[in-house]
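Just below is one structure, and these are the notes that go with it.
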Amino acid sequence: MKKICSAFVLLLLSSATIAQKALDVISIKETERIERTLSADDMQGRRTFTPGIEKAANFIAAEFEQTGLKKWNNGSSYLQSFAMIRPKVTSFNIKIKGLDAENTTINTVPKSLKFSINSVQKSLNITENSGYEIASIPRGANFVNEWRKYSSSLKNTIVFVDSTHEQIFARATQRGGQFYQTQPNIVFVIQNEIPSRFTIEATQELTEMPLANVVGIIPGKSKPNEYVIFSGHYDHLGINTRNMENNDSIYNGANDDAAGTTAMIMLAKYFSKLKDNERTLVFAAFTAEEIGGFGATYFSKQFDPAQVMAMFNIEMIGTESKWGKNSAYITGFEKTNMGEILQNNLKGTDFTFHPDPYPTQQLFYRSDNATLARLGVPAHTISTSKMDSEPNYHKASDEIGTLDMQNMAAIIRAIALSSKGIVSGKETPTRVDVSALR
């Protein structure tokens, strides 16, 4: 019995030593090295479709290789390549069908036709019998939230928008967009009432543009088909010579979101060192977040959402939260019990996860967690950004000198420790109630 007890004590001490050595991987020095590289001037602000973002992708892939991560689906590269399509509408027409007094079909075209198409089809010919979902953004609705919801729809959809939203509708459609190859057809039209019969016809010119997420995995031991995702977006705003600040035209994006990408890489190093994950861990650096979240949306489609147990999306953790050091917030905290699980695993430490203090900004729906969350996955974003007073947000001044590297490393360690139950397969967060999502 004494020998058994001694062996058990030695095993506990050995496990504690391994865990501490793994945690030591998340050092301030290593965290700063990665952050400094990603936010350096020679990355040119990591704008999509530029050499700068390609350089950043290659750096992240090299870190994955050095860490020993496996490639997704046993592929030949850490780059998850996909094509974005830039469409240009060349013709658009909608006819609202009705009956006159003699029950003869008549067609009317709205006087002030305003529309937006999210599609990669060269031509569309849609009627009420085409199998599209029919939706509306009525008077008094939150247009931005509804626009985002329908824009990320996974089904062919026609959205009729009340004319009271005409001004903000015009601003939204002026941005244009890029869409991935499997984009469903989503058409927005200013039309106060949902017609029972209609015809929509459109033609487009399409330009193909290549992009890539960077993805690596650590296969799970006993539950390889259950996934836990750690992510951050590595794109930013690039170079802007028209809006220079102190003769600086490079928008380095040190906090947004080189910080989150750095955290994701550091967590990959930590779990690779620890080697005790029962579930498969997926580490993803997303592209094209700043232009619509297309990288995360494409990535999400590679999974059966029922197999994704949790998603830790990390964004802007380089500055102190409103509560000061050793704290961060979780968007959508109330939508699952994931936040409670994380906080319980931090008992005995001085770190605290808080609910999102900026609910009116709808951050849960605005980051790269949103696509999987809408499918029921407990997918949340962890952040410290003071969204009501972050002085360097989307500015050229967002450089590494504005970040607190010691606090940032502490946050990464807290994420590592708090996720242990989910990573080991012993804890599983509740799912997002999809029916309650707007």
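The values are calculated or read from the model by the stated rules, or taken from the named source; none is laboratory data. Fair warning: this is a prediction, and the values are worked out from it, not measured in the lab. Ideal geometry is used to build each Cβ from the backbone, glycine not excepted, and the neighbour counts take in all protein chains shown.
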Requested in this report: Give the number of residues within region 56-82 that are buried (at least 17 other Cβ atoms within 10 Å of the Cβ) and in a strand (DSSP E or B).
Outcome: 4
Query raised in the report: Which pairs do you get when a residue that is under 13 Å from residue 373 (Cβ atoms), found in region 303-314, comes within reach of a residue that is among the polar types (S, T, N, Q), reach meaning Cβ atoms under 7 angstrom, with the pair 6+ apart or on two chains?
Result: 311/231; 311/369; 312/419; 313/231; 313/367; 313/369; 313/381
Query - Exclusive hit being of a type in the set (D, E, K, R), assigned by TED's automatic domain parsing to the domain that holds residue 386 and under 18 Å from the mean Cα position of the chain (by Cα), set 248, 256, 276 - result: 256
**Report entry** Unique residue being touching a Ser or Thr at 6+ places or on another chain (Cβ under 9 Å) and either in the same structural domain as residue 230 (by TED's automatic domain parsing) or modelled with pLDDT under 95 (or both) when the list is 389, 321
**Finding:** 321
Report summary line: With the first residue restricted to region 180-199 and required to be on the phi > 0 side of the Ramachandran plot and part of a strand (DSSP E or B), and the second required to be modelled with pLDDT of 90 or more and among the polar types (S, T, N, Q), Cβ contacts under 7 Å at 6 or more apart or on different chains are none
Query raised in the report: Within region 360-398, can you find the residues that are free of Cβ contacts under 8 Å to residues at least 40 places away in the same chain and either under 30 Å from residue 307 (Cβ atoms) or acidic (Asp, Glu) (or both)?
Result: 363, 364, 388
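For residues in region 315-349 being of a type in the set (Asp, Glu) and more than 16 Å from residue 384 (Cβ to Cβ), which is surrounded by the most Cβ atoms within 10 Å (Cβ to Cβ)? Walk me through it before giving the result.
Initial filter on region 315-349 (of a type in the set (Asp, Glu)): 315, 320, 334, 340.
Next cut, more than 16 Å from residue 384 (Cβ to Cβ) only: 334, 340.
Details: 334: 11, 340: 14.
Among those that are of a type in the set (Asp, Glu) and more than 16 Å from residue 384 (Cβ to Cβ), it is 340.
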Report task. List every residue pair whose Cβ atoms sit under 9 Å apart, with the two residues 6 or more apart in sequence or on different chains, where the first one lies in region 261-281 and is without any contact (Cβ under 8 Å) to a residue 40 or more places away in the chain and the second, anywhere, is surrounded by 24 or more Cβ atoms within 10 Å (Cβ to Cβ) and of a type in the set (Asp, Glu). Result -> none
Query - Considering residues of region 350-374 that are hydrophobic (A, V, I, L, M, F, W, C) and modelled with pLDDT of 95 or more only, the residue nearest to residue 332 (Cα to Cα) - result: 373
